[in-house]
Amino acid sequence: MVHGAPDWGITSGKKTTYQITDLGEFAVRLGSIVNYDRLGDVIFLDDFEASILKWDSFGFGTGASVALSTESAKNGAQALKITTGDAAGNLSWTWKYLPLPVPGKIGAEISFALGSDIQYIELQLQVYTGATQHRAAVRYRPQDDTLQYYSQSQSLETFATEVDLYENDLTYHTLKLVVDLENAEYVRCRLNEATYDLTDVGYYTADSTDTPHFELLILVRNNSAGNHYVYVDDVILTQNEP
């Protein structure tokens, strides 16, 4: 016997309030950081509100650091501050080791606030299956307002130009990269209001016998001498992406 919603259920009208039929919207209204792109199923997230940093990190040069900071945040009270060394071209990065995700389409999302004179910020995914290494990455370059992906031939290919992001310690931009692990291809990249179709674009793979695991990396390189920085907040990893 077919049943519909009762007269007093979610389809009934109300005079002073509205019904919520989307549980994702319900979660966001309660403060979830998954509020930009709600596609996929969340398997990991970090809002950097804990008292300890649960990521590994490294940096070249004097003054390089990766640390929690209360100087800026997208949500909550703190974010991750990635500071480069003080020589031109110095690189700092942080990474998180995670178990191998189910093969399929996965997404990685970060929000970031740009300091001055950054050469690039890069979001990189590395997956080791026990037989193969997968490496996919998207890089934003403030110096020439471009987006690039890491190709099958280990080169950086520009796929978007005139991407001019406002540089301010409290203005956060959101970047999401989706890849297909089964076919070793990119799927799409989103940055703020724009979506870029990367269907059928392959990323780098190589033979590898490393123990199966997943690595999520965020890299920042400066463009000139000085301890330049980027704030990062609300990191989200998803699987079962469309």
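The values are calculated or read from the model by the stated rules, or taken from the named source; none is laboratory data. Predicted model only: the values in this text are computed from it and were never measured. Cβ placement follows ideal geometry from the backbone for every residue including glycine, while neighbour counts extend to all protein chains displayed.
State whether the residues of the stretch 147-164 include one that is within 24 Å of LEU80 (Cβ to Cβ), in a loop (DSSP other than H, G, I, E, B) and within 14 Å of the chain's Cα centre (by Cα).
no
Give the number of residues within the stretch 183-215 that are in a strand (DSSP E or B), in contact with a Ser or Thr (Cβ under 9 Å, 6 or more places away or on another chain), touching a residue at least 40 places away in the same chain (Cβ under 8 Å) and not aromatic (Phe, Trp, Tyr).
Qualifying residue count, the stretch 183-215: 8.
Quick check: anything in the stretch 107-114 surrounded by 22 or more Cβ atoms within 10 Å (Cβ to Cβ), closer than 22 Å to GLU182 by Cα, modelled with pLDDT of 95 or more and of a type outside the set (D, E, K, R)?
Yes, the stretch 107-114 has at least one match.
SER116: of a type in the set (Gly, Ala, Ser) and part of a loop (DSSP other than H, G, I, E, B), yes or no?
Against the criterion (of a type in the set (Gly, Ala, Ser) and part of a loop (DSSP other than H, G, I, E, B)), SER116 qualifies.
Residue-by-condition table, conditions (1) farther than 29 Å from THR209 by Cβ; (2) among the hydrophobic types (A, V, I, L, M, F, W, C):
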| residue | (1), (2) |
| --- | --- |
| GLY61 | yes, no |
| LEU68 | yes, yes |
| GLU71 | yes, no |
| GLN78 | yes, no |
| THR94 | no, no |
| GLY115 | yes, no |
| ILE121 | yes, yes |
| TYR150 | no, no |
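Output the residues belonging to the stretch 149-165 that are closer than 17 Å to GLN126 by Cβ and surrounded by 15 or more Cβ atoms within 10 Å (Cβ to Cβ).
Within the stretch 149-165, TYR149, TYR150, SER151, LEU156 qualify.
Hey, does the stretch 120-132 have a residue that's out of contact with any Pro (no Cβ under 6 Å at 6 or more places or on another chain) and over 22 Å from TRP55 (Cα atoms)?
Yes, some residue in the stretch 120-132 is out of contact with any Pro (no Cβ under 6 Å at 6 or more places or on another chain) and over 22 Å from TRP55 (Cα atoms).
Within the stretch 41-83, track down each residue that is at pLDDT 95 or above, within 12 Å of VAL235 (Cα to Cα), in a loop (DSSP other than H, G, I, E, B) and not charged (D, E, K, R).
Of everything in the stretch 41-83, those that are at pLDDT 95 or above, within 12 Å of VAL235 (Cα to Cα), in a loop (DSSP other than H, G, I, E, B) and not charged (D, E, K, R) turn out to be PHE48, TRP55.
Rundown of residues vs (1) touching a helix residue (DSSP H, G or I) at 6+ places or on another chain (Cβ under 6 Å); (2) farther than 23 Å from ILE110 by Cβ; (3) among the basic types (Lys, Arg); (4) surrounded by 14 or more Cβ atoms within 10 Å (Cβ to Cβ), yes/no style:
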| site | (1), (2), (3), (4) |
| --- | --- |
| LYS176 | no, no, yes, yes |
| VAL179 | no, no, no, yes |
| TYR186 | no, no, no, yes |
| THR195 | no, no, no, no |
| LEU198 | no, no, no, yes |
| TYR204 | no, no, no, yes |
| ASP210 | no, yes, no, no |
